[in-house]
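Taking it in order: structure first as structure tokens, then the write-up.
Each reported figure results from applying straightforward, stated rules to the coordinates on display, with no laboratory input. From a predicted model like this one, the values you see are computed outputs, not experimental measurements. Cβ placement follows ideal geometry from the backbone for every residue including glycine, while neighbour counts extend to all protein chains displayed.
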Amino acid sequence: MLAIALIQPGRSPWAPADVAALPTISLRLAATRGEAAPLRLPASGGWLRLQAEVADPTAGTYALTVREGPNVRFHASGLALRRAGPYAYVEAAIPSAAAGPGRRQVELAPTGASDAVAIWHLETTVP
């Protein structure tokens, strides 16, 4: 059972099994332009579900990175593309500490690519 959890891309073996029940942060491509109001993180019990919209869903898998300045707070690769109608996105369960509070940069790129195809700049607060 543990081996299965370890090979699932983007999932820590300590992440909750029911990711769909986690509080969700959705990053839309429209939010990559300009500064947004601070994002208030939901109370999460330690985990959040982070969804990032994909503009050109042609890659097989994607990588998601959360940075605080030069420090990587979270990284997952091999994330499968998901769809909800015309909305294409990837998602990962992340520790809430990786999301904030503070200034964060979230980067989305096809797995193995050197450059991000979308970058969000977030200012996060907690309850």
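With the simple model of a label 7 Å out from the Cα in the direction of the Cβ, Tyr87 to Thr58 spans 2.5 nm.
Close amide H partners of Leu27, meaning residues 5 or more places away or on another chain with modelled amide H under 5 Å apart, are Gln51, Ala52, Glu53. In order along the range 81-86, the phi-based Karplus estimate (6.51 cos²θ - 1.76 cosθ + 1.60, θ = phi - 60°) of 3J(HN,Hα) comes to 6, 10, 9, 9, x, x Hz; Gly and Pro are listed as x. If a/c stays under 1.5 just call it rounded; otherwise compare a/b with b/c (prolate if a/b is bigger, oblate if not). Do that for the range 34-127, with a ≥ b ≥ c from the square roots of the Cα gyration tensor eigenvalues. Taking the square roots of the gyration eigenvalues as a ≥ b ≥ c, the range 34-127 is prolate. In this simple spin-label model, placing a label point 7 Å from the Cα along the Cα-to-Cβ direction at both Arg40 and Ala20 gives a separation of 2.8 nm. Taken over the range 87-127, the convex hull of the Cα atoms encloses 109 Å³ per residue.
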